[in-house]
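Heads up, the thing below is written out as structure tokens.
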Amino acid sequence: MRLAARVIALVAAACGSLAALGMPPASAAATPAAATPATATTATATTATATVTIPRADPSGDRITLTAVSPAVLRPGDTLLVTGTIDVTSTAADGIPTTVRLVRGRSSLTSRADVDEWSAATGAVSGTELGRQPLDPAAPRNAIPFQFTVPADQVRPGRAYGVSPIAVDVVTAKGTSVSALRTFVGWQRSADYEALSLAWLLPVTLAPDTALTADDPTARTAAWTKQVGAGSRLAALLRATASQTVGYAVDPAVLGPSGRTPAQDAADPASAVRSAFSMSLSAASATHPVFALPQNDPDLAALTAPDLGPTLSPAASQLLAEAVGQSTRLTDAAVTTRGTLAWPADGALPSGREAALRAAYASRLDAILVSTQVTDPSARLTPPALGVAPLGTTVLRWDDRLGALLARLKTPREAVLAAQEFVAQTAALLAERPSISRTILAVPPRGFDAGLDADLVSTFFDATKQVPWLRTVGVDSAMLPGRGLDSAPPLPTDAPASRVTPTDPASAAASNGPAAGRSLLARVFQQRSVIDQLSSVLAQGSPTIAAWSDLPGQAASTRWRTDPAGREALLAGLEQSTATVSNGLMVIPQTTNFLADEGVMQLTVVNSLDEPVRGLRAVLAPGNGRIVVVDPGAPVDIAANAKATVSVRLAVLAQGLVPVNAWLTTADGTRIGAVQQLTIRAAPPGAWLYIGMSVLFGLILIAGIVRAVRRPPRMVVDTRGLDPVDPTPEAPVVAPVQRHTAP
């Protein structure tokens, strides 16, 4: 008996080795399934139970395109239909493919890690062959069709529900695999579980595009049309999800830049495009929960970083508080909102961030969106969506795996794979705690809708409704505590530091570390300060300030994480523009001879801008102590492209050449514009001049006295004995004057 058992074992091992090499064992030649390759419609029990091991697999599976895996979740009595095409135009080096197989993976998927491992596997595919089909040599080499039809009982294990790994494998005549594509199929025999509640929250944010702020109206309008126009990605997203149970996290910047008057906004040609999208968003908010993000969706991970220091932290908090205050623009545009969210791009909540967010948001902070994987990477079980931060703030944890699937809906092939992986992920989620009611939140990354097919998005959401262990709920439901101990568990406070992204206002790939992030934020805050300075001297409703006021906030937006070069172009352009305008206000350089101890010097101030300015003051800073500024003069208002004269009172203490730095300030003393160099030649009269003049006046006085003393006495004539001489009166002439005229 022992010898017979050993012989049988050796024969079985030899058959297995031959099968592994792609050669049928001798005993299998008598079976119909082995003698004649099974077609898609003739998958027999023999082929269904034959174990195959594929020596080499192409992990990309680019040559295989799945067009359908139907149904996505099998039930008793169902038949699995797998269809697709195969491209064999570039397989000459690997041998000529002759057969396509459908294989069920050997291992069972009992956890989310198992699902991830099967999806990302790069080794050989081992499992049970469910069917095989020869490739049609008459079909086009770039799209050879295949089709498998397999009874449900050959696919699903014996449990009540779950998911099975399957693979489509293309092999040569020698049994060598040239390409393999892995996917999943769900199954359910009975509903022995508490169904999962799934809420979707989709970002409605702008994509990085510097043309949105272009000076050229045509380019600017085209950019806004691409973002929110009738054929834009955001408009397509709203249409594709109009009948779906999803919520939206909306950046108010989709309504246009802030800081403009109604008249200025109406004068922008792009306003018509934005207004149409605003109406669509308002209509969507009537049937979908909308949550507001701060204006421009600021990069919270950078603005609340603990290493900003005492210099940048107040400026960051002020910028964030202003952005939160502008979230009411959605309500002003008739968009119904359910609250305001904080959404750090890194999905983390390190120490100090919650306090910074609470300070900036004040009473507007309804919840913080964080990543389940980042905040609790060592969790054995996936926590529910609702949680509580250490300071008591409501936390909504998104599921990273489910949200990432939406970004793959760009081609029909990827859409089929994403839908089947969604089934697998949710089945693994359910298996973690099948008897507990839980709500899971799925949030795709910002910009996930770039290049998406709206029809595929709609089809994907329709497919999610067919998963029997799921029920789709609104985002509002995710914010309501459930039952039991897991209703709102606290957020862990000991997440590994390596999982928390450092200060990174650009993208993780392009950032040079925290120092680069701080430098970038410092430039943003500097531009905010310069714009505030210019706004204090330009008139109310200045078009220049209206065009700039929103740009620093845009430069601090999360959207630039994927385009750091675009952020740099935006910020550099703003710096150049503000510098040009600031330098348009200046004191004209001059050289002056100042010949007095104290007096008034006239300065010429130029406004080369196309707008009037007000409240400018001139400031002089002498380079040495020979001159002192007594009175800087009164502030002046200057018309557009005009000049004005400022009188500055100076006092001279010593003679000599004095270099003087001159600049302009606003009414509150903030410096504005460039510093100019003046030259003053101080030549005061001095003490010797006064001494000499005193001596001269003294000599004149002495000479007058001496002259008076040396002058002889005057003679006095006695007129008492003289008779006065009276004048003799004459008779008045009364005769008329005769006038002779020529005959």
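The values are calculated or read from the model by the stated rules, or taken from the named source; none is laboratory data. In this text the structure is predicted, and so the values were computed from the model without any measurement. A quick note on method: Cβ atoms are made from the backbone with ideal geometry, for glycine too, and the neighbour counts reach across all protein chains shown. Remember, those area values only see protein heavy atoms, side chains included, never the ligands or the DNA or RNA. Shrake-Rupley method; radii C 1.70, N 1.55, O 1.52, S 1.80 Å.
Where residues in region 363-377 are free of Cβ contacts under 8 Å to residues at least 60 places away in the same chain and among the small types (Gly, Ala, Ser), which of them is most open to solvent (accessible area, probe 1.4 Å)? Out of the qualifying residues, it is 363. Could you check how many residues of region 528-580 are open to solvent by 20 Å² or more (accessible area, probe 1.4 Å), touching a Leu at 6+ places or on another chain (Cβ under 7 Å) and over 20 Å from residue 320 (Cα atoms)? Summing the residues that are open to solvent by 20 Å² or more (accessible area, probe 1.4 Å), touching a Leu at 6+ places or on another chain (Cβ under 7 Å) and over 20 Å from residue 320 (Cα atoms) in region 528-580 gives 1. In region 242-270, of all residues being out of contact with any strand residue (DSSP E or B) (no Cβ under 7 Å at 6 or more places or on another chain) and under 20 Å from residue 460 (Cβ atoms), the one that is surrounded by the fewest Cβ atoms within 10 Å (Cβ to Cβ) corresponds to 243. Going by what's in this entry, would residue 277 be described as in contact with a strand residue (DSSP E or B) (Cβ under 6 Å, 6 or more places away or on another chain) and either crowded, with 22+ Cβ neighbours inside 10 Å or closer than 30 Å to residue 315 by Cβ (or both)? No; evaluated as a whole, the condition is false for this residue. Taken over region 425-461, residues that are of a type outside the set (A, V, I, L, M, F, W, C), free of Cβ contacts under 8 Å to residues at least 60 places away in the same chain and assigned to a helix (DSSP H, G or I) amount to 1. Here 84, 77 are screened, and the one residue that is of a type in the set (Gly, Ala, Ser) and outside any loop (DSSP other than H, G, I, E, B) is 84.
To keep it simple, each residue is scored yes or no on (1) of a type in the set (S, T, N, Q); (2) free of Cβ contacts under 8 Å to residues at least 60 places away in the same chain; (3) more than 25 Å from residue 176 (Cα to Cα).
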residue	(1), (2), (3)
77	no, no, yes
82	no, no, no
110	yes, no, yes
117	no, yes, no
121	no, no, no
132	no, no, no
136	no, yes, no
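Against the test of being open to solvent by 40 Å² or more (accessible area, probe 1.4 Å) and either part of a helix (DSSP H, G or I) or of a type in the set (S, T, N, Q) (or both), the options 415, 404, 419 yield a single qualifying residue, 404. Can you pull out every residue in region 622-641 that is open to solvent by 30 Å² or more (accessible area, probe 1.4 Å) and among the aliphatic types (A, V, I, L, M)? The answer is 628, 629, 630, 634, 639, 640.
What do you reckon, is residue 233 within 28 Å of residue 342 (Cβ to Cβ), crowded, with 18+ Cβ neighbours inside 10 Å and touching a Pro at 6+ places or on another chain (Cβ under 9 Å)? So residue 233 does not fit the description; no.
Just for helices (runs of 4 or more DSSP H) wholly inside region 285-357: which have at least 2 residues that are surrounded by fewer than 22 Cβ atoms within 10 Å (Cβ to Cβ)? So the answer is 309-325, 329-332. Going through (1) surrounded by 20 or more Cβ atoms within 10 Å (Cβ to Cβ); (2) at pLDDT 95 or above; (3) farther than 21 Å from residue 399 by Cβ; (4) not basic (Lys, Arg) one by one, residue 170 falls short only on (2). Each residue in region 592-621 was checked for being outside any loop (DSSP other than H, G, I, E, B), touching a residue at least 40 places away in the same chain (Cβ under 8 Å) and either in contact with a Pro (Cβ under 6 Å, 6 or more places away or on another chain) or open to solvent by less than 60 Å² (accessible area, probe 1.4 Å) (or both), and 15 pass.
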